[in-house]
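Remarks on the structure that follows.
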Amino acid sequence: MPAIRLINHPHTRQHGALALKLTAAEFQQWEHKSVTLLGMSGVGKTRLSALLRQNGWFHYSGDYRIGTRYLDEAILDNIKQQAMQVPFLRDLLRSDSIYIRNNIGVDHLKPVASFLGKVGNPEHGGLPLEEFKRRQRLHHEAEIAAMNDVPAFIDKAKSIYGYKHFINDAGGSVCELDSPEVIEMLAEHTLILYIKATEHDEHELIERAKLAPKPLYYRREFLDEQMALYLRKYGLQYVAQVEPDDFVRWIFPRLFYARIPRYNAIAEQQGYTVTTEELAQVKSTDDFLALVTRAIERRKL
């Protein structure tokens, strides 16, 4: 992804002008600040977004947009399919006596994770490989669409809802979209801020994932490669023999370290970097603005 130079001053630029490579002074003078947070799940993106939301920033959650706009029907179909296996519920659904709807919130995204699921033994809640890949593909398409909606929501946040500033709480898998045009679009309309885990926090995130393995998005090539390694390592012949939670525990560190170069490349070419240790010190909007200012000044050294 080629670096792009700032061509308009932030307080005079029009919609669509580039929002890259600001000086610290330009960022401070930017009347309607728009920031994209990038990093692994668990580094503090949503905590920071919630803090800013309470102080006049519009909080755009990529995962919320995915669940409520682009995967809503697929999520409901999955839930209904499970409900139809229960005779009592099946009769009520078929007679339109009850209905099912998603109750997704910015801080409650479990329906999205439940749809994504885990691959492996169906007797232990796993999905067949092809069905798992189908859901992964749908999520990939939905995440691209959700990120492409960011410019429109920047306008809506200001013109409809009256918010002055905008925070894009991007999903942890944005670095795996293999869609340079999406990253370039985000860099054009927002300042990209990569939250890099310190070595200590890396270990914490990995241990947390082992204790509570959650559904994850994988690039197809990465999944195929890692699944082949896993099957060989444990002498398994079929994906249906894979224990879903064990596979997530095994693959998470590999996924984590495979994503780091991707995050670094985006930050190096299109944005700025702060650490989880620095972010943990942010307790107010002023703290956040000071942190971004320091990240910009570091970049200029």
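The values are calculated or read from the model by the stated rules, or taken from the named source; none is laboratory data. Not measured: the values here are computed from a predicted model. Every residue, glycine among them, receives a Cβ derived from its backbone with ideal geometry; neighbour counts consider all protein chains shown.
I'd like the full set of residues that are over 11 Å from the mean Cα position of the chain (by Cα) and either on the phi > 0 side of the Ramachandran plot or not in a strand (DSSP E or B) (or both), limited to segment 161-180.
Correct list: Tyr161, Gly162, Tyr163, Lys164, Asp178, Ser179, Pro180.
So that you can scan it fast, the table gives a plain yes or no per residue for (1) within 15 Å of Gly171 (Cα to Cα); (2) within 27 Å of the chain's Cα centre (by Cα):
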{"position": "Gly56", "(1), (2)": "no, yes"}
{"position": "Ser61", "(1), (2)": "yes, yes"}
{"position": "Ile66", "(1), (2)": "yes, yes"}
{"position": "Tyr70", "(1), (2)": "yes, yes"}
{"position": "Ile75", "(1), (2)": "no, yes"}
{"position": "Ile79", "(1), (2)": "no, yes"}
{"position": "Leu89", "(1), (2)": "no, no"}
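Contact map, segment 162-189: residues that are surrounded by 17 or more Cβ atoms within 10 Å (Cβ to Cβ) paired with residues that are part of a loop (DSSP other than H, G, I, E, B) and among the β-branched types (Val, Ile, Thr), Cβ distance under 6 Å, separation 6+ or inter-chain. Pairs shown: Asn168/Thr190. Note on segment 184-208: among residues that are hydrophobic (A, V, I, L, M, F, W, C) and touching a helix residue (DSSP H, G or I) at 6+ places or on another chain (Cβ under 6 Å), the one that is farthest from Gln270 (Cα to Cα) is Ile206. Of the helices (runs of 4 or more DSSP H) entirely within segment 42-106, those holding at least 2 residues that are aliphatic (A, V, I, L, M) and crowded, with 19+ Cβ neighbours inside 10 Å occupy 45-53.
Just so you know, in segment 231-251 the residues that are aromatic (Phe, Trp, Tyr) and either closer than 13 Å to Leu129 by Cβ or touching a strand residue (DSSP E or B) at 6+ places or on another chain (Cβ under 7 Å) (or both) include one that is surrounded by the fewest Cβ atoms within 10 Å (Cβ to Cβ), and it is Tyr238.
Taken over segment 210-226, the criterion of being assigned to a helix (DSSP H, G or I) and touching a residue at least 60 places away in the same chain (Cβ under 8 Å) is satisfied by Arg220, Leu223.
From Ile296, Ile206, which residue is farther than 26 Å from His139 by Cβ, of a type in the set (A, V, I, L, M, F, W, C) and either at pLDDT 95 or above or assigned to a helix (DSSP H, G or I) (or both)?
Working: Ile206 fails: farther than 26 Å from His139 by Cβ.
Of the residues listed, the single one that is farther than 26 Å from His139 by Cβ, of a type in the set (A, V, I, L, M, F, W, C) and either at pLDDT 95 or above or assigned to a helix (DSSP H, G or I) (or both) is Ile296.
If you go through segment 115-139 and keep only what is surrounded by 15 or more Cβ atoms within 10 Å (Cβ to Cβ), assigned to a helix (DSSP H, G or I), touching a helix residue (DSSP H, G or I) at 6+ places or on another chain (Cβ under 8 Å) and not aliphatic (A, V, I, L, M), you end up with Phe115, Lys133, Arg135, Gln136, His139.
Search segment 227-258 for residues being in a helix (DSSP H, G or I) and among the charged types (D, E, K, R), and hand back the single one that is nearest to Lys118 (Cα to Cα). Break it down into steps so the answer makes sense when it comes.
Our first condition is that a residue be in a helix (DSSP H, G or I); within segment 227-258, this holds for 227-233, 239-241, 244-258.
Okay, now just the ones that are also among the charged types (D, E, K, R), so 232-233, 245-246, 249, 254.
Values: Arg232: 19, Lys233: 19, Asp245: 8, Asp246: 10, Arg249: 11, Arg254: 16 Å.
Among residues in segment 227-258 that are in a helix (DSSP H, G or I) and among the charged types (D, E, K, R), the one nearest to Lys118 (Cα to Cα) is Asp245.
Look at (1) out of contact with any helix residue (DSSP H, G or I) (no Cβ under 6 Å at 6 or more places or on another chain); (2) assigned to a helix (DSSP H, G or I); (3) hydrophobic (A, V, I, L, M, F, W, C) and you find that Val35 fails only one, number (2).
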